[in-house]
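Q: This is the structure, below, for whatever I ask next.
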Amino acid sequence: MENSNIIDLSKCAQIGANCTCFGLRKASRAITQRYDQSLAPIGITASQFSLLNAAALAGGLPISDLADLLVMDRTTLSRSLKPLVEGGYIAMKGGQDKRSKSIELTKKGTVVLLKAIPIWEVLQEETMQRLGKNNWKDLMDKLRATVAIANLT
């Protein structure tokens, strides 16, 4: 009788070396840590920077639509927005009906985003230089394609 409780470590090694999800998450954590360190002096994280930037672009877009654009669960987005709302960086507004809400960047949010953008520009340029501009462009194209493939239902 075969023991089904034995883990095939070679299979685990193969998964660790070749899993798309694991590889993307590992790369994401590494880049996020780098951006977090650089943005820390102005009091925001890389995730918060992305949300502030999205809020600036969204201009009153309903949270559910913003969640779709960011490829985030609505509940996760709301939880991520909470510290930005509490910190006065984003204002939550009532939507077209009582159930929907939208967000807007506040003056305080605008100020911190304006401070963050030059930091982002330095990190972006540094990343592009280290990867090489052609490799960076190829990476961005492949990431967009990966999102599109993952979103196919």
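A short reminder: the numbers here are calculations on the coordinates, not readings from a lab. Note that this is a predicted model, so its numbers are computed, not measured. Note that we place each Cβ from the backbone using ideal geometry, even for glycine, and neighbour counts take in every protein chain shown.
Q: Determine the dipole magnitude for the chain: charges of +1 sit on the beta-carbon of Lys and Arg, -1 on that of Asp and Glu, nothing else is charged, the reference point is the Cα centre, and the result goes in debye to the nearest 20. The partial results should precede the final answer.
A: Working: 20 positive and 14 negative charges, 65 e Å.
It comes to approximately 320 debye.
Q: Continuing with the same structure: Would you kindly calculate the mean projected area, averaged across all directions, of the convex hull enclosing the Cα atoms of the chain, in square nanometres?
A: On the way: hull surface 53.9 nm².
Average of the hull's projected areas for the chain equals 13.5 nm².
Q: From the helices alone, meaning DSSP H stretches of at least four residues, give me the mean residue ellipticity at 222 nm for the chain, per-run term -39500 (n - 2.57), in deg cm²/dmol to the nearest 500. List each step's numbers first, then the result.
A: Details: 7 runs with 107 residues, N = 153.
It comes out at -23000 deg cm²/dmol, rounded to the nearest 500.
Q: Let me have the relative contact order for the chain, percent, based on Cα pairs under 8 Å that are six or more residues apart.
A: Values: 107 pairs, mean separation 28.6, N = 153.
So the answer I get is 19 percent.
Q: Let me ask something else about it. What nm distance separates the two modelled labels at residue 137 and residue 117, each placed 7 Å from Cα along Cα→Cβ?
A: Calculated label separation equals 2.4 nm.
Q: Can you give me the long-range amide H partners of residue 106? Hydrogens built in the peptide plane at 1.01 Å from N, cutoff under 5 Å, separation of 5 or more residues or another chain.
A: Result for residue 106 returns 90, 91.
Q: In debye, nearest 20, what is the charge dipole magnitude of region 72-153 about its Cα centre with +1 on Lys and Arg Cβ and -1 on Asp and Glu Cβ, if you could check?
A: On the way: 15 positive and 9 negative charges, 73 e Å.
With Lys and Arg at +1 and Asp and Glu at -1, about 340 debye.
Q: Restricting everything to alpha-carbon atoms, can you work out Rg to Rh for region 47-117 with a Kirkwood hydrodynamic radius?
A: Numbers: Rg = 11.1 Å, Rh = 11.9 Å.
Answer for region 47-117: 0.94.
Q: Let me ask something additional. For region 22-150, what is the number of Lys pairs with C-alpha distance below 18 angstrom, counting only pairs 8 or more positions apart or on separate chains?
A: Taking region 22-150 as the scope, the lysine pair count is 10.
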